[in-house]
Amino acid sequence: MKIAFFDTKPYDKLTFAPLAEKFGYEITFFDERLTPETAAKANGFDATCSFVNDDVKAEAVQTLKDGGVKVMLLRCAGFDSVDLDKAKECGIPVLRVPAYSPDSVAEHAAALLQTVNRKTHLGFNKTRNFNFNIDGLMGIALVGKTAGVIGTGKIGKCSVNILRGFGMKVIAYDAFPDKSSDIEYVDLDELYARSDVITLHCPLFPATKHMINKESIAKMKDGVLLVNSSRGGLINTEDLLEAVKAGKFRGVGLDVCEKEHEYFFEDRSNITDKDPVLNELLQDDRVVLTGHQAFFTEEAMTAIAEVTLNNLKAFIDGAELVNEVK
């Protein structure tokens, strides 16, 4: 089997190349993202492997079909980068990695929470210049506070455990609550009103797009800490910026953002036409944004490669495609 691997980074080669050799697969690594303009590079390949910021519109899917691609592999959990209706029409299964290291993502969310709460990023910037004045670095003790977890899938449940470890009272919202768990579920309005910390762990669907907006922010406590390590589109960035400037949040920790498709996983430090809303948001000391790195651990990268290539093996063997996106 020949795999056209798109949006390649050095760390992808380190994990995928040795494992592909064991499976007997031939991988050709392309630096370019998989888009309608680059899809023809996969002509003659059996499979493609793409990532969260690729742009596999209907036109790209048709090009893949015409070029002989039989299966699309996503080395990520998110699948909103692919036109699934077109893939179904073309008879191309789309196989993803639904969970590779939920603990890694939840741990990073906790790191963001502690960073924006205890202002370790600002303390670091001070002390590296030999400024040991701690004025302006005061945070709050999390023990005894209430954390609201939105989304209690695998990552959300890991987050619940971590927050409980901090001594926090945890409440949660999920469209499909796990009634067999000991998690206290409430509706969103109650979660917004009661939570000192709100952390997002839900997928991006039409129903969840911009769920954090001017109206929902108004329902939150003043001084709330907000963390998003799920999908950037869950938050209306303009409304978030307005609330940050108004002093609504004690801190905001983000690993994702609406505009990440244009910037993330690349060095964009030299560009001059930065998105003005995102740029202004990042100038505020209360906001910390990391570049979609919550998943990025050795354990997660190994798991991603193993699941992705086992997905292909299942397709070849005619086995049940347990990770197919329906």
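The values are calculated or read from the model by the stated rules, or taken from the named source; none is laboratory data. Since the model is a prediction, treat every value here as computed from it, not as a measurement. A quick note on method: Cβ atoms are made from the backbone with ideal geometry, for glycine too, and the neighbour counts reach across all protein chains shown. Calculation scope for accessible area: heavy atoms of the full protein, side chains included, ligands and nucleic acids excluded. Shrake-Rupley method; radii C 1.70, N 1.55, O 1.52, S 1.80 Å.
A quick yes/no check of all residues on (1) out of contact with any helix residue (DSSP H, G or I) (no Cβ under 9 Å at 6 or more places or on another chain); (2) of a type in the set (G, A, S); (3) surrounded by fewer than 22 Cβ atoms within 10 Å (Cβ to Cβ):
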| site | (1), (2), (3) |
| --- | --- |
| F6 | no, no, no |
| K13 | yes, no, yes |
| F16 | no, no, no |
| F30 | no, no, yes |
| L34 | no, no, no |
| F45 | no, no, yes |
| D55 | no, no, yes |
| K86 | no, no, yes |
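Checking the structure you have, find out if any residue of region 228-235 is modelled with pLDDT of 95 or more and open to solvent by 40 Å² or more (accessible area, probe 1.4 Å). No, because not a single residue in region 228-235 is modelled with pLDDT of 95 or more and open to solvent by 40 Å² or more (accessible area, probe 1.4 Å). For region 173-194, the condition holds for no residue, the condition being that it is at pLDDT 95 or above and closer than 24 Å to E299 by Cβ. If we keep just the residues of region 273-303 that are free of Cβ contacts under 8 Å to residues at least 40 places away in the same chain and farther than 18 Å from L240 by Cβ, which is surrounded by the most Cβ atoms within 10 Å (Cβ to Cβ)? So the residue we want is E298.
Can you work out which of the residues in region 137-163 that are of a type in the set (K, R) and closer than 18 Å to D103 by Cβ is most open to solvent (accessible area, probe 1.4 Å)? The selected residue is K154.
Can you tell me how many residues in region 59-83 are surrounded by fewer than 16 Cβ atoms within 10 Å (Cβ to Cβ) and modelled with pLDDT of 95 or more? Step through it out loud before you land on a result.
Of region 59-83, the ones surrounded by fewer than 16 Cβ atoms within 10 Å (Cβ to Cβ) are 59, 66, 68, 80.
Right, trim to modelled with pLDDT of 95 or more and you get 59, 66, 68.
Of the residues in that region, 3 qualify.
Among the residues of region 124-146, is there at least one that is within 21 Å of S229 (Cα to Cα) and either within 19 Å of the chain's Cα centre (by Cα) or of a type in the set (D, E) (or both)? Checking region 124-146: not a single residue is within 21 Å of S229 (Cα to Cα) and either within 19 Å of the chain's Cα centre (by Cα) or of a type in the set (D, E) (or both).
Can you say whether D7 is on the phi > 0 side of the Ramachandran plot and outside any helix (DSSP H, G or I), as far as the supplied structure shows? Don't jump to the end; show me each part of the working.
On the way: on the phi > 0 side of the Ramachandran plot: yes; outside any helix (DSSP H, G or I): yes.
Yes; evaluated as a whole, the condition is true for this residue.
Kindly indicate whether D273 is assigned to a loop (DSSP other than H, G, I, E, B) and over 30 Å from E215 (Cβ atoms). Against the criterion (assigned to a loop (DSSP other than H, G, I, E, B) and over 30 Å from E215 (Cβ atoms)), D273 qualifies. Looking across region 164-187, the residues that are open to solvent by less than 60 Å² (accessible area, probe 1.4 Å) and part of a loop (DSSP other than H, G, I, E, B) come down to G167, M168, D174, P177, D178, S181, I183, V186. Within region 246-260, none of the residues are open to solvent by less than 80 Å² (accessible area, probe 1.4 Å), modelled with pLDDT of 95 or more, assigned to a helix (DSSP H, G or I) and within 26 Å of A106 (Cβ to Cβ).
Pick out the one residue from D317, D222 that is among the acidic types (D, E), under 19 Å from V149 (Cα atoms) and open to solvent by 30 Å² or more (accessible area, probe 1.4 Å).
Details: D317 fails: under 19 Å from V149 (Cα atoms).
That would be D222, the only listed residue that is among the acidic types (D, E), under 19 Å from V149 (Cα atoms) and open to solvent by 30 Å² or more (accessible area, probe 1.4 Å).
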